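The values are calculated or read from the model by the stated rules, or taken from the named source; none is laboratory data. Small disclaimer: the values here were computed from a predicted structure and weren't measured. Heads up, the Cβs are rebuilt from the backbone with ideal geometry, glycines too, and the neighbour counts pull from every protein chain shown.
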Ligand SMILES: [Ca+2]
């Protein structure tokens, strides 16, 4: 090759490279290096994390349009700048086991924490929790409110936080109330917003957002409402005029095709909350109950709005992951049931939203069924940290590509040996005594028709059953309140 040919070829090659580079600049997404040799459209670095838990929040939010009377403008605002998972499920439909699982990444059948009467801390203390993990990786850890299960058993998880804002518990007074027992009660409160511990917790968190932080921070804010009792200021009831309230759709005899264990849970026979639904309906107060829940959810939403506004007015607006989750769902009459403590859609389906700085494809609702065991590994991956010991799967692939394949079922567990699996359009429930339910959400979104005995679905049932754990930890001991004096 003479020098002229060489120069011409080199010139042609340089032009080709330039053309290719300019094409790729206009047609490809921004790419970031990840661990290993792969690339990602999400920048993985030590983002700050605003970690918000809203207790007992089901999916009655404005943007999901699951209840016509829901008023949650602030959660909807987060949905606009993030991804909201319509089919997100709690690993356990009760505060204590749900939080034990979510916060440590270990499922109930691994820890033995299955229900609300147990000494949960002894079941999980050997596992590194989310705040401990981020502390070990150089984060400044701040928390307030109900993140782990706390309150009556006194565990605000001392030592897990560099700073913890503890505002205790306040029994508020009501102007008038409908009361069915110690906890199931609703009506406008005498107290105004500022007097609620939740309000003070959020104020404490806002102060932290206004401070200068030298390290990345993890700020956990646990809002107690809409947990019972539903006493919040009148203005939140006014958002939901009683004449407009719609009660959930039900059919008579829905429980006829439900196995014995499901029926027991529906009526709370094993609990002190006996026959809530019958009592509420007999008193003509179903609408009022729905109003109470919606009002209290709007109160929680308003508190979240204060937090979001403070973040937006802080230097951390563009470098903070926002994650918001409810710990489980809530029945308000579906399956003749109130509260949680069951394995149906309403007990287990909860709100779950995430905003990631710079992520494309936000402002969308994702319909993939996932469970909240995704939280721990997802946060670790988004912040570029090594994978923690956990039982869940990171949902980063779903965040990057809404059409990404997802072959991991959502699994829910309540009391030892009882599980539900949500996979594709189906829900399969297996009770420890062998009882089964199967629902197809394409034709039956309210889970009215149990298909478990229908031979046509034998293969589906077998496929879902195969996801159940083969080994299950013994239940750890219950608290002995009389001995501990608690
Ligand atoms: Ca039924």
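Being more than 16 Å from the ligand (Cβ to nearest atom), within 26 Å of residue 94 (Cα to Cα) and either touching a strand residue (DSSP E or B) at 6+ places or on another chain (Cβ under 8 Å) or without any contact (Cβ under 8 Å) to a residue 12 or more places away in the chain (or both) is the filter here; which residues of the stretch 228-268 pass it? 228, 229, 230, 231, 232, 247, 268 - these are the residues of the stretch 228-268 that are more than 16 Å from the ligand (Cβ to nearest atom), within 26 Å of residue 94 (Cα to Cα) and either touching a strand residue (DSSP E or B) at 6+ places or on another chain (Cβ under 8 Å) or without any contact (Cβ under 8 Å) to a residue 12 or more places away in the chain (or both). Candidates in the stretch 255-286 are the residues that are touching a helix residue (DSSP H, G or I) at 6+ places or on another chain (Cβ under 6 Å) and under 26 Å from residue 70 (Cβ atoms); of these, the one that is surrounded by the fewest Cβ atoms within 10 Å (Cβ to Cβ) is 286. Taking residue 347, is it crowded, with 24+ Cβ neighbours inside 10 Å, within 16 Å of the ligand (Cβ to nearest atom) and closer than 24 Å to residue 412 by Cβ? Here the answer is yes, as residue 347 does meet what is asked. Per this entry, residue 217 is not counted among residues that are at pLDDT below 95, away from the ligand (no atom under 16 Å from the Cβ) and farther than 18 Å from residue 54 by Cα. Elements of the type strands (runs of 3 or more DSSP E) sitting completely within the stretch 371-458 and holding at least 1 residues that are away from the ligand (no atom under 16 Å from the Cβ): these cover 410-413, 419-423, 426-430. Within the stretch 459-471, the set of residues being buried (at least 17 other Cβ atoms within 10 Å of the Cβ) and in a loop (DSSP other than H, G, I, E, B) comprises just one member, 468.
Table: residues versus (1) over 18 Å from the mean Cα position of the chain (by Cα); (2) crowded, with 18+ Cβ neighbours inside 10 Å; (3) in contact (Cβ under 8 Å) with a residue 40 or more places away in the chain.
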residue: 383; (1), (2), (3): yes, yes, yes
residue: 392; (1), (2), (3): no, yes, yes
residue: 407; (1), (2), (3): yes, no, no
residue: 411; (1), (2), (3): no, yes, yes
residue: 442; (1), (2), (3): yes, no, no
residue: 446; (1), (2), (3): yes, no, yes
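Selection of the stretch 67-83 for residues being in contact (Cβ under 8 Å) with a residue 40 or more places away in the chain and either part of a helix (DSSP H, G or I) or touching a strand residue (DSSP E or B) at 6+ places or on another chain (Cβ under 8 Å) (or both) yields 73, 74, 75, 77, 78, 79, 80, 81, 82, 83.
Return the residues of the stretch 39-66 that are under 18 Å from residue 396 (Cα atoms) and in contact (Cβ under 8 Å) with a residue 24 or more places away in the chain; say none if nothing qualifies.
Matches in the stretch 39-66: 40, 41, 42, 43, 44, 45, 46, 47, 48, 49, 50, 51.
With respect to being more than 16 Å from the ligand (Cβ to nearest atom), touching a strand residue (DSSP E or B) at 6+ places or on another chain (Cβ under 6 Å) and within 30 Å of residue 48 (Cβ to Cβ), residue 223 fits the description.
Scanning the stretch 162-184 for residues that are in contact (Cβ under 8 Å) with a residue 12 or more places away in the chain and in a strand (DSSP E or B), which turns out surrounded by the most Cβ atoms within 10 Å (Cβ to Cβ)? Filtering first and then ranking leaves 165. Taking the criterion of being surrounded by fewer than 23 Cβ atoms within 10 Å (Cβ to Cβ), in contact with a helix residue (DSSP H, G or I) (Cβ under 9 Å, 6 or more places away or on another chain) and part of a helix (DSSP H, G or I), the residues of the stretch 305-316 that qualify are 305, 306, 308, 309, 310, 311.
A count restricted to the stretch 459-475 and to residues that are over 25 Å from the mean Cα position of the chain (by Cα) and either touching a residue at least 60 places away in the same chain (Cβ under 8 Å) or within 16 Å of the ligand (Cβ to nearest atom) (or both) stands at 2. Count of the stretch 317-337 residues, restricted to those that are within 16 Å of the ligand (Cβ to nearest atom) and either part of a loop (DSSP other than H, G, I, E, B) or closer than 22 Å to residue 352 by Cβ (or both), is 4.
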